[in-house]
Amino acid sequence: MQRRDLLKSSATGAAVLGFPTILKAQQQYRAEYKMSTVVPPSFAWGKGGEIFANLVRERTNGRINIKQYPGASLVQGQQDREFAAMRQGIIDVLCGAPINWSGTVKECGIFAMPFLMPDHKAYDAVVASDAVQKDFFDIIRKAGAEPLAIGETGYRQLSNSKRPVRKPEDLKGLKIRMVASPMYLEIMSGMGANPTAMSWADAQPALASGAVDGQENPMELFMAAKIHTLGQKYVTKWNYSNDILLFAIANPVFQSWSPQDQKIVREAARDAAAQQIKIVRDIYAVDVERVRALGVDVVVPTPAEMEQWQIACRRPYARWKAQLGAPLVSKIEDVVARSRKT
Ligand code: X2X
């Protein structure tokens, strides 16, 4: 059939059905939208993704079907490729830690800066601020995705198989697995540790075989992944970094949905993020006892010890502030400072 005939016949078909515009709109929806998460729904982060997908399916009566691909499997476990893959159309929906995307969009590294958001009050103030809702969200939009909502990946704590770590000096010579973030690597090497970058998929075998001595991740994740069974006997709750969990949709995908559906999806992401944050914080409140009950030695630094950690991170903080975008970091610092006075 000639192209002209094809156009004519499909136009006639639509006219016969009587609602050509609805038909057109429906044709733009795909059978499945692919969502990448680094961890599965047995972890708070993956659960957040699952809740989001379920809410969207229910509230759109199945018009929008988001399928979760945990283990960052759409990018063969290489979580630092997620954002680039989203731009290429391999991933439609992001539910992830921006630290993993900082090699693609540098500002994505900002939230993981050491001691930037020292507690949940500061965290909540930052997330609600214009610095995030306007400035950061605009950066994400320009980079190719519509940001919808923010959950929480959780405060990252150190673990290792060798000894209790109370102060920066205790890290000397320890081989620590980190995500592929030059900022994280610099923080660790600045304290005398021997950091090595690898994906989450590679981290577990490396811990099991003793190729690395330690790692850092939220204790919620430590428990969900049973990292204590990989010889990790010592944890330090130093709260140095708490990345956001960003829910976002690839721009062309978001634009293909009706305004009503866009609204439903945005609200679903907000509701999922709120539920996900509750899961993370409920566990955070009891994580020391829970991890101790697994036979792990948990060091909770005193305020004086906390200061040592903060001092040790000052130089990389300053360097990375300049690198990742000093004006935006300063804005976030102001929000944090104000949050401490209320
Ligand atoms: O790989 C990690 O450590 C994880 C799961 O926390 C991230 O993707 C940032």
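Values in this text are rule-based calculations from the coordinates and carry no lab data. Not measured: the values here are computed from a predicted model. Counting neighbours? That spans all protein chains shown, and the Cβs are built from the backbone with ideal geometry, glycine included.
Would you mind giving the average projected area, over all directions, of the Cα convex hull of region 64-170 in nm² with one decimal? Walk me through the intermediate numbers first.
Working: hull surface 35.5 nm².
Convex hull of Cα atoms, orientation-averaged projection: 8.9 nm².
Taking neighbour counts of Cβ atoms within 10 Å as a proxy for exposure, in what order, fewest first, do Glu305, Glu186 appear?
Glu305, Glu186
Using only Cα positions of region 117-169, each an equal point scatterer, no hydration layer, compute I(q)/I(0) via Debye at q = 0.13, 0.17, 0.23, 0.27 Å⁻¹ and quote the log10 values to two decimals.
Taken in order of the listed q values, log10 I(q)/I(0) reads -0.52, -0.69, -0.91, -1.10.
What are the principal axis extents of the Cα atoms in region 261-342, in Å, biggest first?
Sorted largest first, the three principal extents are 50, 42, 28 Å.
Any chance you could run the full-extension gain for Asp119 through Gln88? It's 0.36 nm times the residue separation minus the Cα-Cα distance, nm to one decimal. Could you put the intermediate results ahead of the total?
Working: separation 31, 0.36 × 31 = 11.16 nm, distance 3.61 nm.
Contour length minus the Cα-Cα distance gives 7.5 nm.
For region 184-267, report the convex hull volume of the alpha-carbon atoms normalised per residue, in Å³, without decimals. The partial results should precede the final answer.
Numbers: hull volume 12.5 nm³, N = 84.
Spelled out: Cα convex hull of region 184-267, divided by residues, is 149 Å³.
Assuming R0 = 25 Å, can you tell me the calculated FRET efficiency for the pair Glu307 and Ala337, based on Cβ-Cβ distance, to the nearest 0.05? Walk me through the numbers before you get to the answer.
Numbers: r = 18 Å, r/R0 = 0.70.
Given R0 = 25 Å and the Cβ-Cβ separation, E is 0.90.
Once label points are set 7 Å from the Cα along Cα→Cβ at both Asn194 and Ala274, what is their separation, rounded to one decimal in nm?
Each label point is offset 7 Å from its Cα along the Cβ direction, giving 4.9 nm.
Any chance you could run the full-extension gain for Ala211 through Ser330? It's 0.36 nm times the residue separation minus the Cα-Cα distance, nm to one decimal. Mind showing how you got there, number by number?
Working: separation 119, 0.36 × 119 = 42.84 nm, distance 3.86 nm.
Here the segment from Ala211 to Ser330 would lengthen by 39.0 nm.
Compactness ratio of region 79-138: Cα Rg over 2.2 N^0.38 Å, N = residue count? Walk me through the numbers on the way to the answer.
Values: Rg = 12.7 Å, N = 60, 2.2 N^0.38 = 10.4 Å.
Relative to the rule-of-thumb radius for its length, region 79-138 sits at 1.22.
Taking the alpha-carbon set of region 109-259, what are its Rg and Dmax in Å?
17.4, 56
Given labels modelled 7 Å from the Cα in the Cβ direction, how far is it in nm from Ala201 to Gln255?
Distance between the two pseudo-spin positions: 3.1 nm.
Using the C-alpha gyration tensor of the chain, what are the square roots of 5 times its eigenvalues, in whole angstrom, with the largest one first? Could you put the intermediate results ahead of the total?
Numbers: eigenvalues 336, 88, 65 Å².
Result for the chain: semi-axes of 41, 21, 18 Å.
Can you flag which of Lys47/Lys175; Lys162/Lys237; Lys237/Lys278; Lys233/Lys278; Lys106/Lys237 are past 24 Å Cα-Cα? Can you show the working numbers first?
Working: Lys47/Lys175 30 Å; Lys162/Lys237 16 Å; Lys237/Lys278 19 Å; Lys233/Lys278 27 Å; Lys106/Lys237 27 Å.
Lys47/Lys175; Lys233/Lys278; Lys106/Lys237, as the Cα separations exceed 24 Å there.
Over the C-alpha atoms of region 298-338, what are the Rg and the largest Cα-to-Cα span, Dmax, in Å?
Answer for region 298-338, Rg first and Dmax second: 12.9, 37 Å.
If I require 27 Å or longer along the helix axis, counting alpha carbons, and a Kyte-Doolittle average no lower than -1.0, what helices from the chain are left? Use full DSSP H segments.
On the way: long enough: 259-284 (37 Å, -0.65); 303-324 (29 Å, -0.97).
Those that pass (Cα extent of 27 Å or more, hydropathy at least -1.0) are 259-284, 303-324.
Using Cβ contacts closer than 10 Å as the measure, can you line up Thr342, Thr236, Thr104, Thr229 from fewest to most? Each step should come with its number before you reach the end.
On the way: Thr342 6, Thr236 25, Thr104 18, Thr229 10.
Ascending number of Cβ neighbours within 10 Å: Thr342, Thr229, Thr104, Thr236.
What's the magnitude of the charge dipole for the chain around its Cα centre, counting Lys and Arg as +1 and Asp and Glu as -1 at the beta-carbon? Answer in Debye, nearest 20.
460
Out of all DSSP beta bridges with both ends in region 144-234, state the antiparallel percent to the nearest 5.
On the way: 6 of 12 bridges.
Here the share of antiparallel DSSP bridges comes out near 50 percent.
Considering the chain as a Gaussian network with a 10 Å cut-off on Cα pairs, which listed residue, Ala268, Ala31, Ala248, attains the greatest mean-square fluctuation?
Looking only at Ala268, Ala31, Ala248, the biggest GNM fluctuation is shown by Ala31.
As a test of the formula, what do you get for the chain when each DSSP H run with n ≥ 4 contributes -39,500 (n - 2.57) and the sum is divided by the residue count, at 222 nm and rounded to the nearest 500 deg cm²/dmol? Could the numbers behind the result be given before it?
Details: 14 runs with 162 residues, N = 342.
The helix-only estimate for the chain comes to -14500 deg cm²/dmol at 222 nm.
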